1. Provide the net charge surrounding A:Asp296, with neighbours chosen by a C-beta distance below 10 Å and charges set as Lys +1, Arg +1, Asp -1, Glu -1.
2. I'd like to know which of B:Pro241, A:Ala226, A:Phe244 lies farthest towards the positive end of the charge dipole of the protein assembly as shown, counting +1 on Cβ of Lys and Arg and -1 on Cβ of Asp and Glu.
3. Which one of B:Ala15, B:Phe396, B:Thr361 has its Cα pushed farthest toward the positive end of the charge dipole of the protein assembly as shown, where Lys and Arg give +1 and Asp and Glu give -1 at the Cβ?
4. What residues have an amide H closer than 5 Å to that of A:Thr319, excluding those fewer than 5 places away on the same chain, when H is modeled at 1.01 Å from N in the peptide plane?
5. Relative contact order for chain B: what is it in percent, counting Cα pairs under 8 Å that are at least 6 residues apart?
6. How about segment B:24-127: which trypsin sites (Lys or Arg not before Pro) there lie in a loop by DSSP and see at most 16 other Cβ atoms within 10 Å?
7. Relative contact order of segment A:225-338: what whole-number percent is it, with Cα pairs under 8 angstrom and at least 6 residues apart?
8. In terms of the Cα gyration tensor, with a ≥ b ≥ c the square roots of its eigenvalues, is chain B rounded because a/c is under 1.5, prolate because a/b exceeds b/c, or oblate?
Amino acid sequence: MQGAKFPAIRPDRFGSREVKHMRRIGILGVIAALALGAVSCGKEKPHVAASQKPATPVIGVSLLTLANPFFKVMGDAMQAEAKARGYEVVITSADMDPARQKDQVKDFISKKVAAIILCPADSRSVGTSIQEANQAGIPVFTADIACLDKSARVVSHIATDNFAGGKLAAEAMIEAIGGKGKVAIIDHPEVESVILRTNGFREVIGKVKDISVVAQLPGGGMRDSAFKTAQDILEKHPDLDGIFAINDPSALGAVAAIEKAGRMGRVKVVGFDGQPEAKQAIKEGKMYATSMQYPDKIGKLSIESVAKYFAGEQVPSETLIPTGLYKKADAEQDPSLK
Amino acid sequence: MRTPKAFPAAVSMPAILFLLCAFFTWATWTEGAPSGREGGIAVAQEMLRRDRLPPRILVVGGDDANGRAFVEAACEALATRTEVLRALGTPQQVRSRVDQVTADLKTPLVVVATPEASAWTLWSSLRASAPDLASLEVLGPSARGRSAFLSPTNLRNVADQIAVIAIIAVGMTMVIITGGIDLSVGSLVALSAVATAWLIRSMGGASASIGALVAACAGAVALSGLIGVFSGAVITAFRIPPFIATLAMMQVAAGLAFILARGQTIYDVPVAFTSLGRGEAIASLPNAVALMLFIYSCAHVMMVRTATGRRIYAVGGNAEAARLSGVSIARTLLFVYAVSGLMAGVGGVITASQLKAGSPTYGLMYELYVIAAVVVGGTSLSGGEGRIFGTLVGAFIIAVIRNGMNLMNVEAYTQKGVLGLVILGAVLVDRLRRRRSA
């Protein structure tokens, strides 16, 4: 055998000390098990006495990510609403990974949850997972992001009305720049919902003769990349009057670029989302307005839809939640701001 | 003491896996009622044990395989003794059926339902809706103890979930045994998945032939293998640390995936393509799991029985000694990085097949899970030692923890923490063992 040639590298070269090591590793295993046990003890006792009454139905939720406060707020709202309605919610995070989300849905199926709510990590890839849940007879709902696979059955989709939100942002922009001038859009066309926002914005702005959209450039949906895009736009258009950014991080990037260029006040910024930092910027007059999304309403409504479904009521296949404009007057009365 | 001749980690990691399984079996023990055919028969027998059968029974289930089997079995058992009506569908459909049934006749109705359907709030809302229905009786099969973890479907589920990570970990084990690391595998999963979907799309899309599918998969795996060879070449030719070289390739592969897919998901693939990742050709073993077991067996034989395997251990154990005894270090390294690339390519093809689409966002952070599986499995990050089947155990430990915590309703943040602690614990053990044996 080859092993004879290389005696020093046989994988079983350890001998006498192994018992101690085994003990050590064994102890570690016990500690790990105890740690998990501690985690489980916080929950209800696993042994429930048999009764005719079925246990609390569980709703499995897989959110896109929990790193973004938007989804955290949505998840918390689901938790609260479910508790009020006698459901238990399990919230998992797909961490933006479609394969991870697939695993979570499989776990939900083998756990036999009553219903599943998803924020798809990928609108196409999620289709196979939803089909599997369909086959297992578990109703699936989507929140915030839609499934685009036509062969998958989704009971109901609950999301922001992004098109109307874009229109609202356009109205704020018209007001901000006094009905005439040049505006730019910081875009992120990779995302379906963002396309709806810019379409809504353009529809309203396009009807105003004295306003022209001079640029529509991708800003990556993030503050640092939007900052660079805004710098380029400001450089090219010294007479720019306003910037519509498709989300608040992009808007804050634009604000930073305007500040750096020393054109604060001359270029008005309208964002989308309603994140705390953007609200603060509106209060300080750095941003004009933002088209507010309500993740809490999305969360609450998705649980409501699940409850309605099980009560045998009609559930609309799509519910769009309108955005609201948030301006300086709102910020001044907002107790959550400094 | 030389008699059980084995690695400490190889002995105790399966023990830890066993303990974890036992723990989750206990922790996910719940009262669940049987569903499907079994449940239908059980509830019918319960009903038949009564002194007087109700004049009419409505048997209710969801319109899925499980629900249909339940309703079929219950109706069959009850039909000779009383009037049996059936209702299959969503709660809303069942509601209109109940309305229809109660409108016809005014005799009290008894409902027999699947465990899922008997939990519907429909029943309480029906009771509240009309005085006729106030005493509506709903009977489901009675609950008995079952473990959500230790069920055949869930165990298959665990194996299926980890197959991709475990397959990539075969290549990573070899790389780490040589003392290297391959950070590019996650991006290669994305690239391979995108390349597969892209090739299928350009060879007929949704109506592509089986030959085209095979060619597309082979092409994507070969592409990943080539990138692996390139990493290996850069590492050996210019003596660039593997960490840096594969970190760069991670970016390159991710970039290529985004370019090829133009930032979008490619989904024009035929349904037949999903049979690779979702089908079950041998018994009821998912194809991905069968492939994983096959790859592990081959890799194990190669590492233990062949000269190539010996060379891999030799290079990691002591490169200088290996060189002096005539082992070509460059060729060995080239080989392991090629294998690592190929395995990541296979993982990408399986992922694309399971999700019926290829997206550049796949494979995010996979390199870390793969490395964790290898290290938890007892392979030392300093090279020279490790076992292929140890890695399989490591991968399963991670899979079982992830699955078990999901079944136990552990919060997402806590899950991350626990998984991290387990990985840290394994590395700690590795360190302690090293210090002792040094």
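No lab work stands behind these numbers, since they all come straight from the coordinates. Everything quoted here is computed from the prediction, not taken from an experiment. Every residue, glycine as well, gets a Cβ built from its backbone with ideal geometry; the counts of neighbours run over all protein chains shown.
1. Combined, the nearby Lys, Arg, Asp and Glu give 0.
2. The Cα lying farthest towards the positive end belongs to B:Pro241.
3. Positive-end residue among those listed: B:Ala15.
4. Excluding prolines and chain starts, which carry no amide H, the hits are A:His157, A:Ile158, A:Ala159.
5. Details: 767 pairs, mean separation 96.3, N = 438.
For chain B, the relative contact order is 22 percent.
6. Working: sites: B:Arg37, B:Arg49, B:Arg50, B:Arg52, B:Arg56, B:Arg68, B:Arg81, B:Arg86, B:Arg95, B:Arg97, B:Lys106, B:Arg127; in loops: B:Arg49, B:Arg50, B:Arg52, B:Arg81, B:Lys106.
Sparse-neighbourhood loop trypsin sites (Lys or Arg not before Pro): B:Arg49, B:Arg50, B:Arg52, B:Arg81, B:Lys106.
7. Details: 162 pairs, mean separation 25.8, N = 114.
Relative contact order of segment A:225-338: 23 percent.
8. Values: a/c = 3.12, a/b = 2.02, b/c = 1.54.
Since a/c reaches 1.5 and a/b is larger than b/c, the shape of chain B is classed as prolate.
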